[in-house]
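All of the numbers you see were taken from the coordinates with simple rules; none came from a lab. These figures come from a predicted structure and were not determined experimentally.
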Amino acid sequence: MPAIVIVIIVGIVIFAVAAGAIGRESHRLDAIAPRVVYIDSQAVDYVAACLPADVQERVTPEELWELLRGHLNWLHVKGLMPRVAVDQRQDLTDAPVVIEDTTAIGYLIGVADDARIAVDDVAIVAIVAGHLRYLGEIGAIGPEADDPDVSPQQLRPGPARGELPPATS
């Protein structure tokens, strides 16, 4: 009989250790933001497919990528992209993060001018909308706010276009 009791006690201890380890890892993984994979070529193809035909004819994939990269830089400068995107702890707040497209569009107009990309403002609006749709599709951003009482969040002021963002540790 004592052997059976020892086996049962050992089984209970093994189960308790395993349950504790699984619970700890589940809690840790729940606190980490899910990984979002941004693939350059996929983003360009997705956004190009969202654009009206006349814009598709005027913007090359290389120019489109330049504008998408400019939009990503704008998001980073405004503090909406992590410096390192692997296993970041989620910032859980009750307040939604809301941004207005107008400042991003203005920024991209400057990027287009600097890169000598011949696109009009309407094309840039379509590019930003397509890029935001792509970011939503891959899970990088949430849905569009539909609450009329939600006002845009005050974003951190960032460096001017072409400057590197400040280093953070």
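Tabulated data
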| read-out | value |
| --- | --- |
| Length released on extending from F15 to E62, taking residue separation times 0.36 nm less the Cα-Cα span | 11.3 nm |
| Ratio Rg/Rh [Cα only; Rh per Kirkwood] for the stretch 1-58 | 1.62 |
| Distance from the stretch 1-53 to the stretch 114-142 (C-alpha centre basis), Å | 33 |
| Gain upon complete extension [Y38, T103; 0.36 nm per residue less C-alpha separation] | 21.2 nm |
